Amino acid sequence: NPENLTGKVVRGYADLDLGGIGKGFALDKMAKVLRQWGITRAMLNAGSSTILAMDPPASQPGWPVVIRNPKNPDQIIEKPILANQALSASSILRKSHIINPSTGKPVTERLACWVFAVNGATGDALSTAVMIMPEDKIRQLLREKNASKVILCTPDAHIVVLSE
């Protein structure tokens, strides 16, 4: 009900998990408050799934981050330097909690993905979507949305990097 911002479960049960965009949205709001306070240099981290880099430290190109292979944490996939962008990840390493709406079944084609986006909410939403999308659709998404790169990891730990 949009008038009083409520919802009703008609049959069975329902889970509401804001992890798909909630962390990124919260980081975006935190960055806005920091900017209002005159703080522009910061890296906000909402756990291993969402990072929002604001302006970099003085005389630095950005904030260093390490992306590791989820199947082999000793293997570094990439060491990006982030400035004024978000990095969001989705994974089914611990459990298959991402459901493909076209099949109604948990995602199994991807183990993890990372999305470099213009803000946290966009990155979070896209990283969840990318877990179920074919590569051609991801390339189209990169052209149309505020994302610059996607890194995919298959269940056999094969890494694919797609960029604009």
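For (1) among the hydrophobic types (A, V, I, L, M, F, W, C); (2) part of a strand (DSSP E or B); (3) at pLDDT below 90; (4) open to solvent by 10 Å² or more (accessible area, probe 1.4 Å), each residue gets a yes or a no:
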{"residue": "Trp114", "(1), (2), (3), (4)": "yes, yes, no, yes"}
{"residue": "Ala121", "(1), (2), (3), (4)": "yes, no, no, yes"}
{"residue": "Asp124", "(1), (2), (3), (4)": "no, no, no, no"}
{"residue": "Gln140", "(1), (2), (3), (4)": "no, no, yes, yes"}
{"residue": "Arg143", "(1), (2), (3), (4)": "no, no, yes, yes"}
remark   = In the range 86-104, anything open to solvent by less than 40 Å² (accessible area, probe 1.4 Å) and out of contact with any helix residue (DSSP H, G or I) (no Cβ under 8 Å at 6 or more places or on another chain) is listed as Ile92, Asn100
ask   = Could you say whether any residue in the range 156-164 is more than 20 Å from Val66 (Cα to Cα) and out of contact with any Ser or Thr (no Cβ under 9 Å at 6 or more places or on another chain)?
value = yes
Members of the range 5-46 found to be out of contact with any strand residue (DSSP E or B) (no Cβ under 7 Å at 6 or more places or on another chain), assigned to a loop (DSSP other than H, G, I, E, B) and either modelled with pLDDT of 95 or more or open to solvent by 90 Å² or more (accessible area, probe 1.4 Å) (or both), listed by number = Leu5, Lys8, Val10, Arg11, Tyr13, Asp15, Leu16, Asp17, Trp37, Gly38, Ile39, Ala42
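How many of the residues in the range 145-160 are without any contact (Cβ under 8 Å) to a residue 60 or more places away in the chain and open to solvent by 40 Å² or more (accessible area, probe 1.4 Å)? Show your work before the answer.
Filtering the range 145-160 for residues without any contact (Cβ under 8 Å) to a residue 60 or more places away in the chain gives 145-147, 149-150, 152, 154-156, 158, 160.
Subset that is open to solvent by 40 Å² or more (accessible area, probe 1.4 Å): 145-146, 149, 155-156, 158.
Of the residues in that region, 6 qualify.
State all residues of the range 47-79 that are polar (S, T, N, Q) and part of a loop (DSSP other than H, G, I, E, B); if no residue qualifies, say none.
First, pick out the residues of the range 47-79 that are polar (S, T, N, Q): 48-50, 59-60, 69, 72, 75.
Matches in the range 47-79: Ser48, Ser49, Ser59, Gln60.
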request  = Check the range 75-87 and report whether any residue there is of a type in the set (D, E, K, R), within 16 Å of the chain's Cα centre (by Cα) and closer than 21 Å to Thr122 by Cβ.
outcome  = yes
query = Counting just the residues of the range 148-160 that are over 15 Å from the mean Cα position of the chain (by Cα) and aliphatic (A, V, I, L, M), which one comes out modelled with the lowest pLDDT?
reply = Ala157
inquiry  = Yes or no: the range 90-105 includes at least one residue that is among the hydrophobic types (A, V, I, L, M, F, W, C) and in a helix (DSSP H, G or I).
reply    = no
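In the range 89-112, is there at least one residue being more than 18 Å from Met133 (Cβ to Cβ), touching a residue at least 40 places away in the same chain (Cβ under 8 Å) and touching a Phe, Trp or Tyr at 6+ places or on another chain (Cβ under 7 Å)? Outline the logic, then answer.
Taking the range 89-112 first, the residues more than 18 Å from Met133 (Cβ to Cβ) are 93-95.
When the remaining residues are screened for being touching a residue at least 40 places away in the same chain (Cβ under 8 Å), the result is none.
Scanning the range 89-112 turns up no residue that is more than 18 Å from Met133 (Cβ to Cβ), touching a residue at least 40 places away in the same chain (Cβ under 8 Å) and touching a Phe, Trp or Tyr at 6+ places or on another chain (Cβ under 7 Å).
Here are some residues: Lys71, Lys23. Which one is under 20 Å from Ser88 (Cβ atoms), of a type in the set (Lys, Arg) and in contact with a helix residue (DSSP H, G or I) (Cβ under 9 Å, 6 or more places away or on another chain)? I'd like the intermediate steps shown before the answer.
Details: Lys71 fails: in contact with a helix residue (DSSP H, G or I) (Cβ under 9 Å, 6 or more places away or on another chain).
Going through Lys71, Lys23 in turn, the sole match is Lys23.
The values are calculated or read from the model by the stated rules, or taken from the named source; none is laboratory data. These numbers were taken from a predicted model, which means no experiment stands behind them. Note that we place each Cβ from the backbone using ideal geometry, even for glycine, and neighbour counts take in every protein chain shown. Accessible surface areas use protein heavy atoms only, side chains included; no ligands, DNA or RNA. Shrake-Rupley method; radii C 1.70, N 1.55, O 1.52, S 1.80 Å.
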